[in-house]
Each structure stands twice: as C-alpha cells, then as structure tokens.
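Student: After the structure tokens below, expect a handful of questions from me.
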Amino acid sequence: MDREGFKLILCNSGGKPSKELYYFDVLNQNKVAGILGITYNEIESSMNTDIPIVSIDRHFSKSITCVTSDNYNGGRLALRELVKAGVKKPAFLGVVTSVFSETMLRKKGLSMKRKSLGSSILCMKSRTRLWMN
C-alpha cells in the first residue's frame, strides 16, 4: 500500500454507534480514498460521506457495496466438521441485532444441518457483545 501512496487507518468502535460516526468524521477529515467497514448498528441515516464505502456482511443502500461469504453453507460446514471431530454438544454463539446481516445465515445453515444430522445445539444469543475487552 505504501508503495502506491496509501496508508491504512484502523478504527475499532467497540460496537458503539457514536464512536462509529466519530470515526466517519475522522476519515472524512483525513480525505481517505475509501472505507471498508463492518457494523451491525443502525447508523446509515447518520452517515454523511462522499467517500466510497464497502460493507462486509451487511446490506445498506444501493450506493454502498456489500461483500459477503457464503454464511449459510459456512454454518452447515462448521457443524459437519464439529460432528466429524466427535463433538457431542456443539454450541452456537451469536449476537442479536436489530438489523439484518448476512452473518445471520450462519445460524440458519447450522440449524438446517442440525436437523439433517439429528443433532442438538446449545444456542447462546445476546443483545450485547459476548466477550470482554
């Protein structure tokens, strides 16, 4: 990146919408070439930028590109591999958000595979982060 004249600015909001919007202001002021972002907060109406944005696993408006993996089949594959490794009580950890993201398809794929295997899954969901900083 440096050879091409670019620098990387890494921002970590800790999932706080106000901090995410603060970082958008900082990135605007620094006239960055583009933003690659991951957020599960409802901030779209407050985002004010002409900078190109690419979102990971979350669809916004048509003006913001979204890239994602095959989360559904990823969930199926994850459970298959856990069962193949001999895991008797697999668990799913997830965060419940008010906005749809592609990552929700992981649980759906995992649940469908569970049904076909006749397996059970411990499901842990939270409205807040499941880890501590």
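The values are calculated or read from the model by the stated rules, or taken from the named source; none is laboratory data. Owing to the predicted nature of the structure, the values given are computational and were not obtained by experimental measurement. Cβ atoms come from the backbone with ideal geometry, glycine included; neighbour counts cover every protein chain shown.
Student: Within the group LEU82, LEU110, which residue is under 19 Å from the mean Cα position of the chain (by Cα), more than 30 Å from PHE24 (Cα to Cα) and at pLDDT 80 or above?
Tutor: Numbers: LEU82 fails: under 19 Å from the mean Cα position of the chain (by Cα).
Result: LEU110 is the single residue among LEU82, LEU110 that is under 19 Å from the mean Cα position of the chain (by Cα), more than 30 Å from PHE24 (Cα to Cα) and at pLDDT 80 or above.
Student: Could I ask something else about it? Is it the case, given these coordinates, that LYS62 is without any contact (Cβ under 8 Å) to a residue 24 or more places away in the chain, basic (Lys, Arg) and not assigned by TED's automatic domain parsing to the domain that holds GLY15? Give the steps one after another, and end with the answer.
Tutor: Numbers: without any contact (Cβ under 8 Å) to a residue 24 or more places away in the chain: yes; basic (Lys, Arg): yes; not assigned by TED's automatic domain parsing to the domain that holds GLY15: no.
No: the conditions fail for LYS62.
Student: From the residues in the range 51-84 that are assigned to a loop (DSSP other than H, G, I, E, B) and among the charged types (D, E, K, R), which one is farthest from GLY94 (Cα to Cα)? Reasoning before the result, please.
Tutor: The initial filter retains those residues of the range 51-84 that are assigned to a loop (DSSP other than H, G, I, E, B), namely 51-52, 57-64, 68-70.
Then drop every residue that is not among the charged types (D, E, K, R), which leaves 57-58, 62, 70.
Values: ASP57: 14, ARG58: 15, LYS62: 27, ASP70: 17 Å.
Checking each candidate, the answer is LYS62.
Student: Which is closer than 29 Å to SER111 by Cβ, in a loop (DSSP other than H, G, I, E, B) and either free of Cβ contacts under 8 Å to residues at least 40 places away in the same chain or within 15 Å of the chain's Cα centre (by Cα) (or both), of LYS31, LYS89?
Tutor: Working: LYS31 fails: closer than 29 Å to SER111 by Cβ.
Exactly one residue qualifies, and that residue is LYS89.
Student: Also: Of everything in the range 6-28 that's in a loop (DSSP other than H, G, I, E, B) and of a type outside the set (A, V, I, L, M, F, W, C), which residue is farthest from the chain's Cα centre (by Cα)? Don't jump to the end; show me each part of the working.
Tutor: Keep residues of the range 6-28 that are in a loop (DSSP other than H, G, I, E, B), which gives 6-16.
With the extra rule that they be of a type outside the set (A, V, I, L, M, F, W, C), the set shrinks to 7, 12-16.
On the way: LYS7: 23, ASN12: 13, SER13: 13, GLY14: 13, GLY15: 11, LYS16: 14 Å.
Applying the filter and picking the extreme gives LYS7.
Student: Could you check the range 19-46 and list, in sequence order, the residues that are hydroxyl-bearing (Ser, Thr, Tyr) and more than 19 Å from ASP57 (Cα to Cα)?
Tutor: Within the range 19-46, the first condition is being hydroxyl-bearing (Ser, Thr, Tyr), and the residues that meet it are 22-23, 39-40, 45-46.
Passing the criteria: TYR22, TYR23, SER46.
Student: Going by the conditions given, is ASN48 of a type in the set (S, T, N, Q), more than 19 Å from the chain's Cα centre (by Cα) and not in a helix (DSSP H, G or I)?
Tutor: On the way: of a type in the set (S, T, N, Q): yes; more than 19 Å from the chain's Cα centre (by Cα): yes; not in a helix (DSSP H, G or I): yes.
Judged against the criteria, ASN48 is a match.
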